[in-house]
Number of protein chains: 2
Amino acid sequence: MYSFTEENYLKAIYHLSNNTEAGVSTNAIAELINTKAASVTDMLKKLSDKELINYIKYQGVTLTESGKKAAVSIIRKHRLWEVFLVKKLGFKWDEVHDIAEELEHINSTVLIDRLDDFLGNPEVDPHGDPIPDKNGLFQHKKLISIVRMKIGQKGVISGVGEHSSLFLKHLEKSDLTLGTDITIKEVVEFDGSVLLLIDNNKEITISREVAKNILVVL
Amino acid sequence: MYSFTEENYLKAIYHLSNNTEAGVSTNAIAELINTKAASVTDMLKKLSDKELINYIKYQGVTLTESGKKAAVSIIRKHRLWEVFLVKKLGFKWDEVHDIAEELEHINSTVLIDRLDDFLGNPEVDPHGDPIPDKNGLFQHKKLISIVRMKIGQKGVISGVGEHSSLFLKHLEKSDLTLGTDITIKEVVEFDGSVLLLIDNNKEITISREVAKNILVVL
DNA sequence: GAATAAATTTAGGTTAATCTAAAAAAATAA
DNA sequence: TTATTTTTTTAGATTAACCTAAATTTATTC
Ligand SMILES: [Mn+2]
Ligand SMILES: [Mn+2]
Ligand SMILES: [Mn+2]
Ligand SMILES: [Mn+2]
């Protein structure tokens, strides 16, 4: 269908679109996929010719409907493969992303739909990110960052705002994995660090930076 | 490690080496991977520079030890993925080859070793072809074609000499799948077709062409 | 509203993998 | 053993995806 490279561009533009209202900038894409701006411009022309993006010189880009569809399909594959790696092959949640970056380009709808069934049609991946279904529809839960919570409020850890292995490993070591119940006990005024009660039996203090990147369902 | 294309060349040379004593010819490679001889020559130079093949102009090629190791690793991946597709995702044996052609290039030793364990360390793939272990060693059973068998001889279908979907579907329809017990009842002198008794309860006649491509363990 | 800075695009090249057509070498036949 | 055919290699181009450096456009600052 689309080349490995084209797919990576579409995915990058999709992810960047979720953080901005305006069009995605050439530099932002270049930074995310580790290329130079000039290379991005080349590819934008190509994707525009194929009507996968709306591109006006100097104005940034947005995905067209077919571009969005292609991007969501890649994300579906990425997340399902991550579930497979964790649930079936015993990988940790911080070990699966790079392998999924390769597997997401395997081109077979039958394969991915059967994998989906084999995994029991999971709604989220090992990082709590929602998995689009066969039709590209997400089951979107409303997640909020711990820094948005008030003292005394309770929630369940359901996602992360940062996917680096370093951060994920840190969370794991602190017993702050997905599904953990938390209660906000105190917010330190000085540095914004947060005292949590986890699973109603243990207290732990986390920095504001960590708190910011833990997402909960209330 | 090696590019997608380089891997395909190594695999092609490996497979062709098993049918010949001498070096593999440029044209044979070109035909197998659907390119032109000139393109093959280019790639042979490249693989030779990387010491993956022994190449002397006009003489054909053989794999070096490291070339062989790389080829076997790809074949290991191909066959394990085929097992996964059939055993876990419910694909038929004639549907898995093309998908495995893509999956075999996923680059992660941990992944493939865990997949191997997850599948119960199978010794053969859905077509009866042996799967090399982590160290690249095969469990080689001695297979012979039905046309080599004598009347009255018994055997178990354990492999195929032809992997096309058309042939595999035909075998399935005739209940000549892997593991089936057969006994040679008669060989027609006129056209070499063979009358078989399968699983001690049903007789069936197959053409010499089909017989040639069914491999059994005695 | 110029002048400067930043972002983006164009121009011109490179590399991997492909191709066609022509040349050279090896194999086969007369 | 020469002539013819087949196989293989070389020469020269093409395409996708990159790059650097230079030009151009847009955004910021004084
Ligand atoms: Mn990921
Ligand atoms: Mn994920
Ligand atoms: Mn196969
Ligand atoms: Mn097979």
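For beta carbons closer than 8 Å, sequence separation of 6+ or different chains, a first residue in region A:12-39 that is within 16 Å of A:Tyr58 (Cα to Cα) and a second that is near DNA strand D (Cβ under 7 Å from one of its atoms) and among the basic types (Lys, Arg), the qualifying pairs are A:Ala30/A:Lys36. Only helices (runs of 4 or more DSSP H) whose full extent lies in region A:1-60 are considered here, and the ones with at least 1 residues that are within 16 Å of ligand 1 (Cβ to nearest atom) and away from chain B (no Cβ under 14 Å) are A:4-17, A:26-32. Would region B:98-106 turn up any residue that is within 11 Å of another protein chain (Cβ to nearest Cβ), closer than 17 Å to A:Phe118 by Cα and surrounded by fewer than 20 Cβ atoms within 10 Å (Cβ to Cβ)? Checking region B:98-106: not a single residue is within 11 Å of another protein chain (Cβ to nearest Cβ), closer than 17 Å to A:Phe118 by Cα and surrounded by fewer than 20 Cβ atoms within 10 Å (Cβ to Cβ).
Counting the residues of region B:61-75 that are assigned to a helix (DSSP H, G or I) and not basic (Lys, Arg) gives 9.
Taken over region B:160-218, the criterion of being within 16 Å of ligand 3 (Cβ to nearest atom) and part of a loop (DSSP other than H, G, I, E, B) is satisfied by B:Gly161, B:Glu162, B:His163, B:Ser164, B:Leu178, B:Asn213. Examine region A:105-124 for a residue that is within 12 Å of ligand 1 (Cβ to nearest atom), among the acidic types (Asp, Glu) and in contact (Cβ under 8 Å) with a residue 24 or more places away in the chain, and state whether such a residue exists. No. Counting the residues of region B:40-59 that are in contact (Cβ under 8 Å) with a residue 12 or more places away in the chain and on the phi > 0 side of the Ramachandran plot gives 1. Looking only at region A:11-33, decide whether some residue is within 30 Å of B:Ile112 (Cα to Cα) and at pLDDT below 95. No, because not a single residue in region A:11-33 is within 30 Å of B:Ile112 (Cα to Cα) and at pLDDT below 95. A:Ile151 falls short of the stated requirement of being surrounded by 14 or more Cβ atoms within 10 Å (Cβ to Cβ), more than 20 Å from A:Tyr14 (Cα to Cα) and away from every other protein chain (no Cβ under 11 Å). When the test is whether a residue is surrounded by 19 or more Cβ atoms within 10 Å (Cβ to Cβ) and in a loop (DSSP other than H, G, I, E, B), A:His78 does not pass it.
Residue count for region B:90-123 satisfying the condition of being part of a loop (DSSP other than H, G, I, E, B) and away from ligand 4 (no atom under 15 Å from the Cβ): 7. Would you check which residues across region A:124-154 are more than 16 Å from ligand 2 (Cβ to nearest atom), in a strand (DSSP E or B), out of contact with any Ser or Thr (no Cβ under 8 Å at 6 or more places or on another chain) and not β-branched (Val, Ile, Thr) and list them? Within region A:124-154, just A:Ser145 meets the criteria. Figure legend. Inter-residue proximity from region B:60-79: first residues more than 23 Å from B:Glu123 (Cα to Cα), second residues surrounded by fewer than 22 Cβ atoms within 10 Å (Cβ to Cβ) and modelled with pLDDT under 95, beta-carbon distance below 6 Å, spacing 6+ or different chains. Indicated pairs: B:Gly60/B:Gly23; B:Val61/B:Gly23; B:Thr62/B:Gly23.
Kindly indicate whether any position in region A:175-190 is in contact with a helix residue (DSSP H, G or I) (Cβ under 6 Å, 6 or more places away or on another chain) and closer than 24 Å to A:Asp129 by Cα. No; the residues of region A:175-190 include none that is in contact with a helix residue (DSSP H, G or I) (Cβ under 6 Å, 6 or more places away or on another chain) and closer than 24 Å to A:Asp129 by Cα. The residue that is surrounded by the most Cβ atoms within 10 Å (Cβ to Cβ), among those in region A:82-95 that are at the interface with chain B (Cβ under 10 Å from one of its Cβ atoms) and within 11 Å of ligand 1 (Cβ to nearest atom), is A:Leu85.
The values are calculated or read from the model by the stated rules, or taken from the named source; none is laboratory data. Note that the coordinates shown come from a computational prediction; the quantities given were computed from them, not determined experimentally. As a convention, Cβ positions derive from the backbone with ideal geometry for all residues, glycine included, and neighbour counts pool all protein chains shown.
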